[in-house]
Amino acid sequence: MAIKPDHWIVRMAREHRMIDPFEEKLVSAGAISFGVSSYGYDFRLSNSYKLFRGGSSDRLDPKDPQADLFEDFEGPHCLVAPHSFLLARSLEYFRIPRDVLTICAGKSTYARCGIIVNVTPFEPEWEGHVTMSICNSGPTPVKIYSGEGIAQLLFLEASEICRVSYRDRKGKYQSQQGIVLSKQDKS
């Protein structure tokens, strides 16, 4: 596998709608940067969030998500409570080619404020809006900004096409819209 440079990302986004909406250059004036970088793509937050409102006596179970522990919120920014987390989604919709895998890392601007962004790899032929967990590891609230960069994707192109893609497996998060809570496999 090889990490792909900016010109490859631009070509794939134009030809295959790999990223929509797509920002062809790195935008940073007055914003936390987003768009094409040297070897990746900095994607943005939408304005939709699910704030965790459960308490220390509540329990989260990935096999039995409890939507009532989350409060929907929309706005130009959002506060991440101390020692808590929220769920958010990307502004961009992604369509990953069959011979590509992505790895995601949080932006250093937010990391310097104690924010940890958790996004799993985008598998070959996965598509959808990204649902991410944003955790505040610090003792004070941290403001995050809708429409601005939250994390960077690195695109790895395989030397061979996979035998079974996420689409082939009918993955449970395929074509997700909005913020999607954990789902249990039905098999």
If you take the residues of region 14-32 that are assigned to a helix (DSSP H, G or I) and free of Cβ contacts under 8 Å to residues at least 12 places away in the same chain, which of them is farthest from the chain's Cα centre (by Cα)? Glu15
Could you check, for region 93-108, whether at least one of its residues is closer than 30 Å to Glu160 by Cβ, of a type in the set (Asp, Glu) and surrounded by 19 or more Cβ atoms within 10 Å (Cβ to Cβ)? no
Looking only at region 129-168, filter to residues that are surrounded by 21 or more Cβ atoms within 10 Å (Cβ to Cβ) and of a type in the set (Gly, Ala, Ser); which one of those is farthest from the chain's Cα centre (by Cα)? Gly149
Pair list, Cβ < 6 Å and 6+ apart or interchain, from region 161-183 residues that are on the phi > 0 side of the Ramachandran plot to residues that are surrounded by 15 or more Cβ atoms within 10 Å (Cβ to Cβ) and basic (Lys, Arg): none
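Can you name the residue in region 38-61 that is without any contact (Cβ under 8 Å) to a residue 12 or more places away in the chain and loosely packed, with under 13 Cβ neighbours inside 10 Å and is also nearest to Cys104 (Cα to Cα) among such residues?
Taking region 38-61 as the starting set, the residues that turn out to be without any contact (Cβ under 8 Å) to a residue 12 or more places away in the chain are 55-61.
The next check asks that each one be loosely packed, with under 13 Cβ neighbours inside 10 Å; those that pass are 55-59, 61.
Values: Gly55: 29, Ser56: 29, Ser57: 32, Asp58: 29, Arg59: 27, Asp61: 24 Å.
So the residue we want is Asp61.
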Give region 109-128 a look and list any residue that's under 22 Å from Arg163 (Cβ atoms) and either basic (Lys, Arg) or out of contact with any strand residue (DSSP E or B) (no Cβ under 7 Å at 6 or more places or on another chain) (or both), or say none. Thr120, Glu125, Trp126
Can you pull out every residue in region 123-160 that is part of a loop (DSSP other than H, G, I, E, B) and modelled with pLDDT of 95 or more? Glu123, Pro124, Glu125, Trp126, Ser137, Gly138, Pro139, Thr140, Pro141, Ser146, Gly147, Glu148
Gly35 vs. criteria surrounded by 13 or more Cβ atoms within 10 Å (Cβ to Cβ), small (Gly, Ala, Ser) and either at pLDDT below 95 or part of a helix (DSSP H, G or I) (or both): no
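The values are calculated or read from the model by the stated rules, or taken from the named source; none is laboratory data. Since the model is a prediction, treat every value here as computed from it, not as a measurement. Glycine gets a Cβ as well: all are built from the backbone with ideal geometry, and neighbour counts include every protein chain shown.
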